[in-house]
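Peer 1: The structure follows.
Every number here is computed from the coordinates shown, using simple stated rules; none is lab data. Predicted model only: the values in this text are computed from it and were never measured. Cβ atoms come from the backbone with ideal geometry, glycine included; neighbour counts cover every protein chain shown.
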Amino acid sequence: MTRRVAVTGIGVVAPGGTGAKAFWDLLAAGRTATRGITLFDPVGLRSRIAAECDFDPADHGLDPDLSRHADRYIQFAVVAAGEAVRDAGLDTDAEDPWRVAVSLGSAVGGTTRLEHDYVLVSAGGQRWDVDHRAADPKLHMAFSPSTLSSVVAEQFGARGPVQTVSTGCTSGLDAVGYAFHTIAEGRADVCIAGASDSPISPITMACFDAIKATSPDNDDPEHASRPFDNNRNGFVMGEGAAVLVLEDYEHARARGAHIYCEIGGYATFGNAYHMTGLTSEGLEMSRAIDSTLDQARIDPTLIDYVNAHGSGTRQNDRHETAAVKRSLGAHAYDTPMSSIKSMVGHSLGAIGAIEVAACVLALKHQVVPPTANYETPDPECDLDYVPRTARPRKLRNVLSVGSGFGGFQSAVLLTTPGGRTR
Amino acid sequence: MSTERPRRAVVTGIGVIAPNGLRADAYWKSVREGLGVLDRITREGCGDLPLKVAGEVRGFDASDLIEDKFLVQTDRFSHYAMAAAQLALDDAGLARENPEEPFEIGVVTAAGSGGGEFGQRELQKLWGQGSKFVGPYQSIAWFYAASTGQISIRSGLKGPCGVVASDEAGGLDALAHAARGVRRGTGAVLVGAAEAPLAPYSMVCQLGYPELSTVEDPDRAYRPFTAGACGFVPAEGGAMLVVEDESRARDRGAAVRAVVAGHGATFTGASRWEESREGLARAIRVALDEAGCAPEEVDVVFADAMGVPEADRAEALAIADALGAHATRVPVTAPKTGIGRAYCGAPVLDTAAAVFAMEHGVVPPTPNVFDICHDLDLVMSRARPAELRTALVLSRGLMGSNAALVVRRGDDSAR
């Protein structure tokens, strides 16, 4: 059994403003939300910039227990899920709870809280035989990665399959993909799907320093994230969450829900090459793209927009350009491809879901978000990256792609009625 | 590509790194004999913590199986997973590296604790010495996806890769994820979970679980279904399986060891064990339904066996709710009482034991459990011979997930 899967709700917590509207306003204006780190003192780090969320749990009516004890990334997810469920007009009390699923991604989960308490129990990194008495008694909630989905499921009364997906930087795309399969194959009618991460912490910044993956442009944070630009020099860390309500198409129709678009396909492959390295050919990402098109029976020439992984590292942008050319052929040159990481940074596991949300909003507004800060072409990246300014365009089928540590390459295809012709 | 009937996902290889055995056959021998290996934790820096007993993997030398270039980049949890993966490939008769059709084979793992020991070491460098001392492998060793990525790279497997970062039940979800991938068209998936939660800081993180047993007598620390149930004991290690398209396996002459026939998953809230009765019963029904299997056809149940009185009661009642009158007749076992609960690895180890049990026609016993206070036919003391065609594996997680998996004997080619 394969059922059609509709997107009926969106919620976003992103740098630059909370809520899908603030998020879209930022993208449509081509504004960047990257700045010097304020969440901790980054002195001594190579990269001291990030795209941070101005987020106060008190503004969002979270229950006091969540405001006090839940990790920041879980608070993001609860707020984004709340917006998505409201946006979908979904009355969770009226749904069969066993048919409501949750599929959320996170690359690093509770590491920020884990690091915080580590410092306490180790006397500031002085002892291996840590002293448990200094730890928060609820520290297990940061240790267990499934806390994310568990808390969100609890909030919205979901009792169906509840999963946390953690495939590094493709977690968000993969969580949406798993949700797509869960509904398409009939294991649930509704799925709260997305991803969240709050990785702006000393250990995470330091570990990307160690491999020089992040941009050291500390003096000009607004322009530090420059995907596809010839002078790009690494990604800028981000944080945030996006959650979608995915729904069996007939279920959505029956309750009169607004349908933004459908998930047309999802695929993921490994490059089996290197944990952090990418080939210049993009063979595996291309295969993921081909597979999604195949599932939706859409010709590559019908792709209207590609939302790129576009992290802004030297190798990524080259790899991805090659992959898209391999899949779309000559049509690649006629297809706008942009990276919103230029504006909201790279929030590791969350960004895949945030980018899918951007695609849904692009379809809604019939506007392609730009690649901010793009000034100087790279001869090896010769596609249309939508420099600096958003562009109105007829959009029916859009593709979002991602690459992650571990070699994972994923793609999600969104379609709208009339988009299928093959 | 077209087949007359839906593709079936079958088990063709098993690799195990467990506290009671460093290969699948050694693990099965210990399980069958009901060997209990719970013991004092010996890892450096753990001596002053209030958790004293666990199932430690001992005598494992990662360099026997894994090249140095991988060892330096990875935590112990990935060493176990990579070793188990290689043993599973060998068992399935698949190439250790660079298969002819790399996109045909994927990798899926479940992970519930990540690379904690590696992470603690790097945290110590960062906070004790400074950010410049953090090494280049921290970014790829600590995170939950490390094992899937390294296995994919080491063996050259480019098929669909996945990571379910989960509580215990995620081990069964990963197996189901793999089986569904095979039914959709992937040739084979190397799937399972291995954990290494016995590093000092990882242990501190587990102390908050209300279900954790801190009893210091290894023989009494983990006794589910008894009046003396006092929680669970953690363990490390796990298992990897090769789950493969049946016709692909038969075409290459591989032994079909079992069929992954059905799976169900529900959520009933962290530590709300009474409610897990309904959730687990529902997961069982969904799994049986997907397998096209009547309750009476279940020949053995591998219980979750949390070891907390209300959780044990809920599980016994869930089995009764889902299997009806058959629940009083079906043998139930929990071999994990001999080794502890290796988080996501635990239900994968149980699934491996279920495959061996069906092959050998014997229900393994439940070590350290002698006198139960629930209405179950729990197999205790010694293994019980039985004709086994269908096994039901159950798992519940500390964050509220319930899962059931139905595995059937490999030679039942038509149902």
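Peer 1: Please list the non-local residues whose amide H lies under 5 Å from the amide H of residue B:106, H modeled 1.01 Å from N, same-chain partners needing a gap of 5 or more.
Peer 2: B:159, B:188, B:189, B:190
Peer 1: Shifting gears a bit: For region B:284-338, which GluC sites (Glu not before Pro) are both in a DSSP coil and crowded by at most 14 other Cβ atoms within 10 Å? Don't skip to the answer; put the middle values down first.
Peer 2: Details: sites: B:290, B:296, B:297, B:310, B:315; in loops: none.
Answer in residue order: no site qualifies.
Peer 1: Quick check on packing: order A:165-176, A:225-236 by the mean number of other C-beta atoms within 10 Å, highest mean leading.
Peer 2: Working: A:165-176: 34.0, A:225-236: 24.5.
Final packing ranking: A:165-176, A:225-236.
Peer 1: Residue by residue through A:278-291, how many Cβ atoms from other chains fall within 10 Å of the Cβ on average? Don't jump to the answer; show the numbers that get you there.
Peer 2: Details: counts 0, 0, 0, 0, 0, 2, 4, 0, 0, 2, 1, 0, 0, 3.
Going residue by residue through A:278-291 and averaging, the value is 1.
Peer 1: Can you tell me the Rg and Dmax of region B:76-205, counting just the alpha carbons, in angstroms?
Peer 2: My reading of the Cα-based Rg and Dmax gives 15.8, 51 Å.
Peer 1: Sticking with this structure for a sec: Report, as a whole number in µm² per second, the diffusion coefficient that Stokes-Einstein gives for region B:9-251 at 37 °C and 0.692 mPa s using the Kirkwood radius over alpha carbon pairs.
Peer 2: Details: Rh = 18.6 Å.
Translational D for this selection: 176 µm²/s.
Peer 1: Principal axes first, then extents: for the Cα atoms of chain B, list largest minus smallest coordinate on each axis, whole Å, largest first.
Peer 2: Cα extents, longest axis first: 63, 54, 35 Å.
Peer 1: So how do B:260, B:215, A:190 line up by other beta-carbon neighbours within 10 Å, fewest first?
Peer 2: Ranked by crowding around the Cβ, least crowded first: B:215, B:260, A:190.
Peer 1: So for region A:5-254, taking the charge dipole from beta-carbon charges (+1 Lys/Arg, -1 Asp/Glu), which of A:207, A:251, A:106 sits furthest toward the positive end?
Peer 2: About the Cα centre, the residue reaching furthest to the positive side is A:207.
Peer 1: In the neighborhood of residue B:120, defined by Cβ-to-Cβ distances under 14 Å, what is the net charge if each Lys or Arg adds +1 and each Asp or Glu adds -1?
Peer 2: Details: positive: A:127, B:43, B:76, B:121, B:125; negative: A:115, A:117, A:129, A:131, B:44, B:75, B:117, B:122.
Spelling it out: positives minus negatives among the neighbours equals -3.
Peer 1: Take every DSSP beta bridge with both residues inside region A:264-415 and express the antiparallel ones as a percent of the total, to the nearest 5.
Peer 2: Numbers: 17 of 23 bridges.
Rounded to the nearest five, the antiparallel share is 75 percent.
Peer 1: Calculate the tail of P(r) for region B:336-415: the fraction of all Cα-Cα distances greater than 21 Å, expressed in %. Please report the intermediate quantities before stating the final value.
Peer 2: On the way: 1082 of 3160 pairs.
The share of Cα pairs beyond 21 Å in region B:336-415 comes to 34 percent.
Peer 1: A further question follows. Can you figure out the FRET efficiency of residue A:63 with residue A:364, using R₀ = 35 Å and their beta-carbon distance, to the nearest 0.05?
Peer 2: Numbers: r = 31 Å, r/R0 = 0.89.
According to the calculation, E is roughly 0.65.
Peer 1: Here's another thing I want to ask about it. Among A:137, B:356, B:129, whose Cα lies farthest out toward the positive end of the dipole of the protein assembly as shown, if unit charges sit on the beta carbon of Lys, Arg (+1) and Asp, Glu (-1)?
Peer 2: Comparing the listed Cα positions along the dipole, B:356 ranks first.
Peer 1: Can I ask one more? How big, on average over all directions, is the shadow cast by the Cα convex hull of region A:250-316, in nm²?
Peer 2: Details: hull surface 26.5 nm².
If you wrap the Cα atoms of region A:250-316 in a convex hull and average its projections, you get 6.6 nm².
Peer 1: Specify the residue with the greatest mean-square fluctuation among A:377, A:336, A:15, computed from a Gaussian network of chain A linking alpha-carbon atoms under 10 Å apart.
Peer 2: In this elastic network of chain A, the residue with the biggest mean-square fluctuation among A:377, A:336, A:15 is A:377.
Peer 1: Something else: Evaluate peptide B:259-271: per residue, the Cβ atoms of other protein chains within 10 Å of its Cβ; return the mean as an integer.
Peer 2: Numbers: counts 0, 0, 0, 0, 2, 3, 8, 8, 17, 5, 4, 9, 0.
The shielding value for this peptide is 4.
Peer 1: Work from the charge dipole of region B:1-147 (Cβ charges, +1 for Lys and Arg, -1 for Asp and Glu, about the Cα centre) and give the residue of B:99, B:20, B:47 farthest towards its positive end.
Peer 2: B:47
Peer 1: Let me ask something else. Mind telling me which of A:315, A:126, A:295 comes out most flexible in a GNM of chain A, alpha-carbon contacts under 10 Å?
Peer 2: A:126
Peer 1: Still on this structure, please answer the following. If you build the Cα gyration tensor of region A:264-415 and take the root of 5 times each eigenvalue, what three semi-axes come out, in whole angstrom, biggest first? Don't jump to the answer; show the numbers that get you there.
Peer 2: On the way: eigenvalues 80, 65, 44 Å².
After scaling each eigenvalue by five and taking roots: 20, 18, 15 Å.
Peer 1: Quick one: work out the % antiparallel among DSSP beta bridges in chain A, nearest 5. If you can, show how the numbers build up before the last one.
Peer 2: Numbers: 43 of 63 bridges.
Bridges in chain A that DSSP calls antiparallel: roughly 70 percent.
Peer 1: Still on this structure: Let's see if you can work this out: charge +1 on each Lys and Arg Cβ, -1 on each Asp and Glu Cβ, no other charges. What is the dipole magnitude of region A:184-250 about its Cα centre, in debye to the nearest 20?
Peer 2: Values: 4 positive and 13 negative charges, 74 e Å.
With only Lys, Arg, Asp and Glu charged at Cβ, the dipole is about 360 debye.
Peer 1: Given the C-alpha centroids of region B:165-198 and region A:282-317, what is the distance between them in whole angstrom?
Peer 2: Centre-to-centre (Cα) distance: 26 Å.
Peer 1: Nothing charged except the Cβ atoms of Lys and Arg (+1) and of Asp and Glu (-1): what's the magnitude of the dipole of chain B about its Cα centre? Round to the nearest 20 debye.
Peer 2: Values: 42 positive and 54 negative charges, 98 e Å.
It works out to roughly 480 debye.
Peer 1: Then there is this: Name the most mobile residue of A:19, A:329, A:61, meaning the one with the largest mean-square fluctuation, in a Gaussian network model of chain A with Cα contacts below 10 Å.
Peer 2: Maximum among the listed residues: A:61.
Peer 1: Only counting other Cβ atoms within 10 Å, I'd like A:384, B:75, B:375 sorted with the fewest neighbours first.
Peer 2: On the way: A:384 16, B:75 26, B:375 13.
Going from least to most buried by this count: B:375, A:384, B:75.
Peer 1: Please list, by residue number, every one of the trypsin sites (Lys or Arg not before Pro) in region B:291-364 that is coil in DSSP and has at most 13 other beta-carbon atoms within 10 Å. Before the final figure, lay out the partial values.
Peer 2: Numbers: sites: B:313, B:329, B:336, B:341; in loops: B:329.
Sites meeting the loop and neighbour criteria: B:329.
Peer 1: A further question on this structure: Starting from the exponent 0.38 and prefactor 2.2 Å, build the expected Rg for the protein assembly as shown from its residue count and divide its actual Cα Rg by it.
Peer 2: 0.87
Peer 1: Shifting gears a bit: What does the average come to when, for each residue of peptide B:196-203, you count the partner chain Cβ atoms lying within 10 Å of its Cβ?
Peer 2: Values: counts 0, 1, 0, 2, 8, 12, 3, 3.
Going residue by residue through B:196-203 and averaging, the value is 4.
Peer 1: Next question. For region A:5-254, count all C-alpha to C-alpha pairs, find those more than 31 Å apart, and express that count as a whole percent of the total. Spell out each step's value before the answer.
Peer 2: Values: 8555 of 31125 pairs.
Cα-Cα pairs of region A:5-254 separated by over 31 Å account for 27 percent.
Peer 1: Considering only DSSP beta bridges whose two residues both sit in the protein assembly as shown, what percent are antiparallel, to the nearest 5? Write out the running numbers ahead of the final one.
Peer 2: On the way: 84 of 125 bridges.
If we restrict to bridges inside the protein assembly as shown, about 65 percent are antiparallel.
Peer 1: Still on this model: Over chain A, what is the relative contact order in whole percent, taking alpha-carbon pairs under 8 Å and six or more residues apart?
Peer 2: On the way: 1131 pairs, mean separation 100.6, N = 422.
Here the relative contact order equals 24 percent.
Peer 1: Let me ask something additional. With only Lys, Arg, Asp and Glu charged, each at its Cβ (+1 for the first two, -1 for the last two), find how big the charge dipole of region B:261-409 is about the Cα centre; round to the nearest 20 debye. Before the final figure, lay out each step's value.
Peer 2: Details: 14 positive and 19 negative charges, 65 e Å.
Once rounded to the nearest 20, the dipole reads 320 debye.
Peer 1: What GluC sites (Glu not before Pro) in region B:1-84 are in a loop by DSSP, with at most 11 other Cβ atoms within 10 Å of the Cβ? Could the numbers behind the result be given before it?
Peer 2: Numbers: sites: B:4, B:33, B:44, B:56, B:67; in loops: B:4, B:44, B:56, B:67.
Counting only loop positions with at most 11 other Cβ atoms within 10 Å, the GluC sites (Glu not before Pro) in region B:1-84 are B:4, B:44, B:67.
Peer 1: Moving on to the next point. How fast does chain A diffuse by Stokes-Einstein, in µm²/s, taking the Kirkwood radius from C-alpha pairs at 10 °C and 1.306 mPa s?
Peer 2: On the way: Rh = 21.1 Å.
Answer from the Stokes-Einstein relation: 75 µm²/s.
Peer 1: By what distance, in whole Å, do the Cα atoms of region B:261-409 stretch along each of the three principal axes, largest value first?
Peer 2: Largest to smallest, the principal-axis extents are 37, 35, 29 Å.
Peer 1: Can you give me the Cα centroid spacing of region B:303-366 and region B:126-153 in angstrom?
Peer 2: Centre-to-centre (Cα) distance: 36 Å.
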